[in-house]
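The values are calculated or read from the model by the stated rules, or taken from the named source; none is laboratory data. Bear in mind the structure is a predicted one, so any value in this text is a computation, not a measurement. Note: ideal-geometry Cβ built from the backbone for every residue, glycine included; neighbour counts use all protein chains shown. To get the accessible areas, we keep the full protein, side chains included, count just its heavy atoms, and leave off ligands, DNA and RNA. Shrake-Rupley method; radii C 1.70, N 1.55, O 1.52, S 1.80 Å.
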Amino acid sequence: MRAGALEAWKPRDGEWDRAAATHLYRRAGFGPAPGDVEHALDVGFEAALEALLARDGHDPALLNGVKHLLAAGSIDQLAAWWMSLILAGGAPLRERVTLMWHDHFATSNAKVDDVRLMHRQNALFREHGLGDFRELLHAAAKDPAMLNWLDGNDNKRGHPNENFAREVMELFGLGIGHYTETDIREAARAFTGWGTQGRAFRMREADHDPGPKTIFGRTGDFRGEDAIDLVLAHPGCARHVARRLLEELVAPRPKEAWIDETAGALIELDWRIGATVERILRSRLFFGPEARRARIAGPVELVAITVRALGARVAPRDAAEAAAEMGQSLFRPPSVKGWDGGRTWINAGTWLARHNALADVAAAHRGESDAVEVDLSVALGAAESRDEVAAMVVGNLVPDLDDPAYVNALRAGAESCESVDDALALVTAAVLTSPEYHLL
Amino acid sequence: MNLERILPLGALLLLPVATRGVLHDPPAPIAPERDVATLIPDRAVFYVDAPGMPALLEQGLDHPFLKTLLASPLGQLLQTEMEASPEELLAVGEALLGAPVLPTLASMTRHGAALASGFGPKGVAWVLVLHGDDDLIAEEVLTKIFDQLESQFEAPGAFDEPHASVRGADVWYLGDDVKIARRDALVVASSDEGYLRDVLDLAAEPSAKGLAGRASFDEARETRSDEQLLWGWVDLKRVEAVANWSGSGEKMKELRAMNGQPAVQMLLGPGVAALGTSETATFWIATRGAELELGLAGQGVEPAEVLMPDPSRDAPPAPLPHADDCGSLLVYRDLAGAFAHRVDLFPPEMLPKFSKATTDLALFFGGKDLGEDVLPHVSPWIRVVARHPRFDEGVVPEIPLPAAAALVKVDDPATRGPELTAAFQTLISAINLDRAQKGMSPFVMQLETVDGVFVTRAHYPPPGPEDGVDMIYNFVPAAAMVGDVFVIGTHASVVRDLVGEIASGETRPVEGASEAMWLDGPALARVVEDNFDALVMQNMLDEGHDIEAARQEIGGLLGAVQSLERLDAEILYPDDDSVEVRATLVLHADEDEEAVR
C-alpha cells in the first residue's frame, strides 16, 4: 500500500475550484444548489467541508410530517416523502448514507407490504447511518421489516431457515469468501427464535435452539446477538464496510490498498461511520483523479442532483416516480443484493427514461413542461450572448470535463438558436442528456 | 334637344338609383321580444343562451347568490386566486369601455344573448349573438374594442370604417378567425362567414324561426325558464352523425354504449346510463337566493325499461336527521332484473361475467343461485347513509373517515335474514383466510343485541402500542336484520344506531320513492378538518409546495367545503323518453346575510 491514500488533502492554489467543490457536494450529498459552489469557493475548502458536515438538520415539519402519511399505507407516498428530504437538502450527507444503507441492507416493500415497517427501517438508517457500525448492524438485524423480508419468523429450532444468516454474512457483514456453509448453518441456529409480533421484534425462546454452535471456529451456546458480534469481530467485516464506503464515495472498484487503509481507519475510529466518511472526504484519494467522474449516477442521485443544481421546482412524488422509471424505485430494491448499480443502471429503456426526464427539466425553462418549473438563467447565470451559453452551462453542470470539442459542439448549437433564452434551454438539454453528465 | 328621346334614356340611367330603395330596403327593426333562438341558423348543433343574465348583470355584486358566494370562504379563495377583487376588475373594465361594465353588458344582452356552434367548411364554427336595447351603447362598445385592437396590433384606423355591409349591418373582419357585425343594437360575432350572414339574414326576416323552428329544439326548450342564468342544448344525434362521417366518433360510441354496460348500470343507475342514448341533451344553471341549481336532461332516451325505478316497490325507511350525518343516497338497482334479462340488456361478451358472479357468490349464499334464489327477494331500492362513526373502543384511526351503511328491504325476513347474515359472516371468514395467508391478524367476529336485534360485527384486534392506527381501523363491518330491513355497514357504531332507530320507529316512511342524494357541507368540512395535516403533507409531496403554500391550498379547500351548506341531487323522469338530473348547491350564508334576506 502506498502510504497515505487517506492522507488529508491540502489544496494548492487553484485546486479548490468549481470542479472540486461540485465533486464534494455531489458525493457527500445530492449536489449543490445554486450559489453553493460560489460560496464554497469564497470560504475555502476547510470551511466549506465543515459547513457541509454541519448541515444536519431537516425541516421538522417535513421530517415529522411523515406521521400524517403512514396510516394511509401508501409506499409511493413514503418514497415521495423521502425524496422530499433529499431534495430539500437539510441533511445531505445523512440522506446520502441513508440511501447507501437502504441499498446495503436492501429490503423491499414488495414482500414486507407494510409501510410503517419500511419507514421504521428508513428512520433506523437515518439515525444510525453515520453512527457506530456495530450498533447499525445489530439494529438492522433486529429490524422487523428485515426479519419479515428474510423469513425470520420461519427460523425455528429444528427447522432453521438460513436466509437471514446467509445475508448477514454475505451481504451485510463480510462478503463472499470469508465464511463457510457450516458457518451459515450454525449462525442460522443462533438466530432461531428471532421474529416479529405485530410490528415489533420478538424473541420466541421456545423456538430458539439452545445447543452449542461453532461459528468461525469458535464454539459456544451462541444467540443471535452473539452471531452478529462474531461477524463484527471477523477481520473481513471492517474491510467489507470499508469497500462499501469507498464504492459509494470514491470509485466503483476500489483498490485493495484503499480498502485496507479505510478499514484500518474505521477500526481506529471505533467503527464510527461518520468519522470514517469525514476522513475519506478530506483525503487526497477523494479529490484525486481516480475518484473524479468515476461512477455512473444512480437514478435517485441523478434526479436529485439535477433538480437541486437547476433550482427546479418539482413535486417530490414526480421526482421519485422519475427515478423509478430510470430503474430505482425507493423501498423496492429488486433483490436482497439491492441495486446492481454501475453500468447496469443504463440500458435502452432506462436511458430513454433518463433522456426524457432530463429533457423535460430543460424544456421547463420555456414553460414546456407540466411537471417542472425552472428558470435556468437564475440557476446557471444570465448570459449576455448565445456565445457565452455553452461555457456557462458546462462550467455549472460538468465542471470536471475538459473537452473543447464538446464545448464547441454546444456552442454551434447555441448559435443556431434565435435567442439567448432558447440557447440556454437547448444547451442545457444537450448537456443533461449527454453521457458526460451522467458520470459523477 | 329632343326631350322625348332623352327622357327614356334619363329614366334608364336613374333606374338603379330609384330602385335601390326597393331592392335593398333597410331590414325591418328587430322586435325587442323576438326570441334570440330565432336568430340562430337551424343547422347549429350546440346552443346556449342566458335568459337570467340581464337581471344578474343589473344587480351586479348585489345579486343574492353572488353576494353570498363572495362573502363565503370559497368566494374569498376565488378572489385570492384572481389577484384582484371583483370591484377592481370592474373598475378596469370600466376604464377600458368608458362606461360601467355591468349596466353596459345588461344593455347589450337585454333582449337575448346566445352562443351557438355547428359545422362549417373549416370544421367547428361558432357564432355569438347579443341582442341589446340601445344602438348607441352597442356602437360605443364596439368602437372601444376596435380602438384597443388597433392600439394592440399597431394598426391605427384599421377599424374606423366597416369592411363590408351585409343586410343592413356593418361588418368588420378580424383576420381570418373572427367576423363582427352590428345592426342597430344587434351585435354578431362568428368564426364563420356563412354563420354570420345567416344570422343577419334571419334578423332581417321578422317571421324567420331559425333554430327555434327545429322541433327537437323547441320541445327541449320546455325546460328553460327566465330565472336560469344559462340554458344550453346539444343535438347529439347530429353530432354523432358528423362524428361518424368524419371518422372521429369513438367518444360518441362510448357514450352510446354506456346503457349496455352492466358496470355503468349498477354504478350510475338506469337513468344516468340512459342519458348516453339521448337524441338531444339540455343543461342549465340557475340561482335562487343562495342556491345554485345545475341541471342536465336527455330527450329521446331509450332506457333499459326493466331496470327503471318502480315507485311501487318497497323502499327502506328514511332515518331521521342525525347530528353525525354526512349525507344519504337512495338509489334503485334492480339486480334481479339485470340477471333475469341479461341476454336482452347486455352485449354477449358481458354474459360470462354474470355466470362467474353466480358461481363465485354462491359460496356466500349456501350454494344458492344469486339471480334466482337471492336477488328476487331483495327490493331494488337501496338507501345508503353516511355518518361519522363513534370509535367507542378507543381505537381512533389516524385518518378518520365517515362510515357508510346500506339499508334494503327483503321479503320473507324470517328466511332471508339468516341467509344474508350468514353471507356476511362467510365474507368475513373469507377475508380472514386471505389475511392469514399473508400473515396478517384476522377480524374478530362478535354478536351483540341492540333493542333485541342481533348485530354481527367484526373488528381488528387493537394495534400494538407503537403500531399506529392505520386506515383499516375505519373498518368495523357489521350487519343486522331489523324487521324486514337488512342493514350492512362499514362501521358497527353506525349500524347499531340505525338498527336502534329502525327498531324504535324513529324513521320516516317512504312513499313514491325517487332516486336522490344529499350531502351535508359541515360534515364534509369536518372530514377535511380531521385530516388537515395529512392533506397538507400530501399536497407538499404531490405539488411540490412548501408547508406554507400547502397549508394555504388545503385551507382554501377547507374554506370551499365550509362554504357549502348542503348539496341535493335527484333523478327525475318527466316522461317516458326523458331523464333529468338536478343538483342544488346551497351555499352557507352567515346569520347576518340570512337576516338581510
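Here are some notes:
- Elements of type helices (runs of 4 or more DSSP H) in segment A:276-330, at least 2 residues being within 14 Å of chain B (Cβ to nearest Cβ) and open to solvent by 40 Å² or more (accessible area, probe 1.4 Å): A:316-325
- Filter pass, B:ALA583 being surrounded by fewer than 20 Cβ atoms within 10 Å (Cβ to Cβ), among the small types (Gly, Ala, Ser), at pLDDT 95 or above and not assigned by TED's automatic domain parsing to the domain that holds B:SER278: no
- Odd one out for B:ASP176, checked against (1) of a type outside the set (Gly, Ala, Ser); (2) out of contact with any His (no Cβ under 7 Å at 6 or more places or on another chain); (3) modelled with pLDDT of 90 or more: (3)
- Some residue of segment A:214-230 being on the phi < 0 side of the Ramachandran plot, within 14 Å of chain B (Cβ to nearest Cβ) and open to solvent by 20 Å² or more (accessible area, probe 1.4 Å): no
- Residue within segment B:509-517 that is open to solvent by less than 20 Å² (accessible area, probe 1.4 Å) and within 14 Å of chain A (Cβ to nearest Cβ) present: no
- The set of residues in segment B:444-469 that are open to solvent by 30 Å² or more (accessible area, probe 1.4 Å) and assigned to a loop (DSSP other than H, G, I, E, B) comprises B:ASP451, B:GLY452, B:PRO461, B:PRO462, B:PRO463, B:PRO465, B:GLU466.
- Where a residue in segment A:46-68 is at the interface with chain B (Cβ under 8 Å from one of its Cβ atoms) and assigned to a helix (DSSP H, G or I) and its partner, wherever it lies, is open to solvent by 50 Å² or more (accessible area, probe 1.4 Å) and among the small types (Gly, Ala, Ser), with Cβ under 9 Å and at least six apart: A:LEU62/A:ALA88
- Of all the listed residues (A:ALA28, A:ALA8), the sole one being more than 14 Å from chain B (Cβ to nearest Cβ) and buried (at least 19 other Cβ atoms within 10 Å of the Cβ) is A:ALA28.
- Scanning segment A:185-213 for residues being surrounded by fewer than 21 Cβ atoms within 10 Å (Cβ to Cβ), more than 14 Å from every other protein chain (Cβ to nearest Cβ) and among the aliphatic types (A, V, I, L, M) gives a total of 2.
- Long-range neighbours under 7 Å by Cβ, at least six apart or interchain, first residue free of Cβ contacts under 8 Å to residues at least 60 places away in the same chain within segment B:127-139, second open to solvent by 60 Å² or more (accessible area, probe 1.4 Å): B:GLY132/B:ARG110; B:ASP135/B:ASP184
- Note on segment B:104-133: residues that are in a loop (DSSP other than H, G, I, E, B) and out of contact with any strand residue (DSSP E or B) (no Cβ under 8 Å at 6 or more places or on another chain) amount to 3.
- A:ASP76 being at pLDDT 95 or above and open to solvent by 20 Å² or more (accessible area, probe 1.4 Å): yes
- Members of segment B:337-350 found to be open to solvent by less than 20 Å² (accessible area, probe 1.4 Å) and in a helix (DSSP H, G or I), listed by number: B:GLY337, B:ALA338
- Only one entry in B:SER514, B:SER493 is in a loop (DSSP other than H, G, I, E, B) and small (Gly, Ala, Ser), namely B:SER514.
- Strands (runs of 3 or more DSSP E) within segment A:158-269 that include 1 or more residues over 28 Å from A:ARG343 (Cβ atoms) and of a type in the set (D, E, K, R): A:200-203, A:213-215, A:218-220
- Here B:GLU87 fulfils each of the conditions (1) open to solvent by less than 30 Å² (accessible area, probe 1.4 Å); (2) more than 14 Å from B:ALA290 (Cβ to Cβ); (3) assigned to a helix (DSSP H, G or I) apart from (1).
- Taking segment B:459-477 as the range and being closer than 22 Å to B:LEU420 by Cα, touching a residue at least 40 places away in the same chain (Cβ under 8 Å) and of a type in the set (A, V, I, L, M, F, W, C) as the test, only B:VAL476 passes.
- Boolean, B:LEU427 is away from chain A (no Cβ under 14 Å), at pLDDT 90 or above, surrounded by 14 or more Cβ atoms within 10 Å (Cβ to Cβ) and assigned to a helix (DSSP H, G or I): yes
- Qualifying residue in segment A:122-137 (condition: within 14 Å of another protein chain (Cβ to nearest Cβ), modelled with pLDDT of 95 or more and in contact with an Asp or Glu (Cβ under 7 Å, 6 or more places away or on another chain)): yes
- Search result, residues across segment B:531-567 that are open to solvent by 50 Å² or more (accessible area, probe 1.4 Å) and more than 10 Å from chain A (Cβ to nearest Cβ): B:GLN552, B:GLU553, B:LEU557, B:GLN562, B:GLU565, B:ARG566
- Of all residues in segment B:439-484, those being of a type in the set (A, V, I, L, M, F, W, C) and within 14 Å of chain A (Cβ to nearest Cβ) number 5.
- Residues satisfying the stated conditions in segment A:79-109, i.e. farther than 19 Å from B:LEU541 by Cα and within 14 Å of chain B (Cβ to nearest Cβ): A:ASN109
- Residue count for segment A:342-362, restricted to those that are surrounded by 19 or more Cβ atoms within 10 Å (Cβ to Cβ) and in contact (Cβ under 8 Å) with a residue 24 or more places away in the chain: 6.
- Residues in segment A:38-71 that are crowded, with 17+ Cβ neighbours inside 10 Å and either at pLDDT 95 or above or aliphatic (A, V, I, L, M) (or both): 12 in all.
- All of (1) more than 14 Å from chain A (Cβ to nearest Cβ); (2) touching a residue at least 60 places away in the same chain (Cβ under 8 Å); (3) touching a helix residue (DSSP H, G or I) at 6+ places or on another chain (Cβ under 9 Å) hold for B:ALA525 with one exception: (2).
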